[in-house]
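The values are calculated or read from the model by the stated rules, or taken from the named source; none is laboratory data. As the structure is a prediction and not an experimental result, all values here were calculated from the model. Cβ placement follows ideal geometry from the backbone for every residue including glycine, while neighbour counts extend to all protein chains displayed.
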Amino acid sequence: MPELLDERSSIESTTIGVYRTSATVKGGRRFSFGALVVVGNRNGEVGFGYAKGGEVPQAIEKSQKDGQRNIIKLTRIGTTIHHEVEGRFSSTKVRLIPASPGTGVVAGTVVRAVLELAGIADCLTKCYGSTNPQNVLKAVFNAIEKLRTPGHIAELRSQTLEMTEIAQKIERGKQFAAPVKKGDKPKGPVNTVGNERGGKGGRGGRGGPGRGPRRDQVVVQQSGDAPAGEAPKA
């Protein structure tokens, strides 16, 4: 659950994980806690922090302050990113793919927390290699730092660019997207696999895929019997 840190800048924080470490000393074991936190204002600014402390609340508070000092700005177009980008850190690789309005954020826990606090509501993601939360988090920020706007690229090349493919998808999606009320969170696609088979629910739902009647419900008709609901022939 995001926690509001600053009302002026609307900065929120989400705790990714709390890790306990111990050091063996002469008198026994000495424990310490580390907290990994993502902070952002849901309007293009996001950062992360990691800090240690003797207690869990102390570690979380220190990591939140560390994240506020390391906030970066990213470029967006509508509710998604301008272009596909890939970030790397150590043995982890994260790919961010722009999506049409209404798609939602298709990502894991760590990547979803970063994108939501950055204000990105429609994005497809894929993670390769190690799934260590710290490595994934740093790979996501490496990808975010590579984002560029078409205007910036046009200025570097001294050329005039036409409307990008992502911008065209967004314009087409606005015609079919339902109006979103202020404060509502975007919903992801609904899984309807299984409905076309005659089942009551999708994959994993109650009822499952469509099946015929059970074995004890099958009525076997003999050659001389009349169909159900009709009188027998003379």
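Residue by residue through the range 108-120, note down the ones that are surrounded by fewer than 23 Cβ atoms within 10 Å (Cβ to Cβ) and not β-branched (Val, Ile, Thr). Correct list: Gly108, Arg112, Glu116, Gly119. Going by the structure shown, is Thr75 closer than 24 Å to Arg148 by Cβ and either surrounded by 21 or more Cβ atoms within 10 Å (Cβ to Cβ) or touching a Ser or Thr at 6+ places or on another chain (Cβ under 6 Å) (or both)? Here the answer is yes, as Thr75 does meet what is asked. Among the residues here, Phe89 does not qualify as over 16 Å from the mean Cα position of the chain (by Cα) and buried (at least 22 other Cβ atoms within 10 Å of the Cβ). Of the residues making up the range 39-82, those that are among the aliphatic types (A, V, I, L, M) and over 22 Å from the mean Cα position of the chain (by Cα) are Ala51, Val56, Ala59, Ile60.
Within the range 116-132, the set of residues being in a strand (DSSP E or B) and either among the hydroxyl-bearing types (Ser, Thr, Tyr) or within 14 Å of Thr80 (Cβ to Cβ) (or both) comprises Cys123, Leu124, Thr125, Tyr128. Could you look through the range 124-177, keep only residues that are small (Gly, Ala, Ser) and modelled with pLDDT of 90 or more, and pick out the one that is surrounded by the most Cβ atoms within 10 Å (Cβ to Cβ)? Out of the qualifying residues, it is Ala139.
In contact with a Phe, Trp or Tyr (Cβ under 8 Å, 6 or more places away or on another chain) and loosely packed, with under 15 Cβ neighbours inside 10 Å: is that true of Val56 in this structure? When the stated conditions are applied, Val56 passes them. Checking each residue in the range 2-52 for being assigned to a loop (DSSP other than H, G, I, E, B) and without any contact (Cβ under 8 Å) to a residue 12 or more places away in the chain picks out Glu7, Arg8, Lys26, Gly27.
Being over 15 Å from the mean Cα position of the chain (by Cα), in a loop (DSSP other than H, G, I, E, B) and not β-branched (Val, Ile, Thr) holds for only one residue in Leu147, Leu156, and it is Leu147. Scanning the range 83-115 for residues being outside any helix (DSSP H, G or I), out of contact with any helix residue (DSSP H, G or I) (no Cβ under 6 Å at 6 or more places or on another chain) and closer than 16 Å to Gly44 by Cα gives a total of 1.
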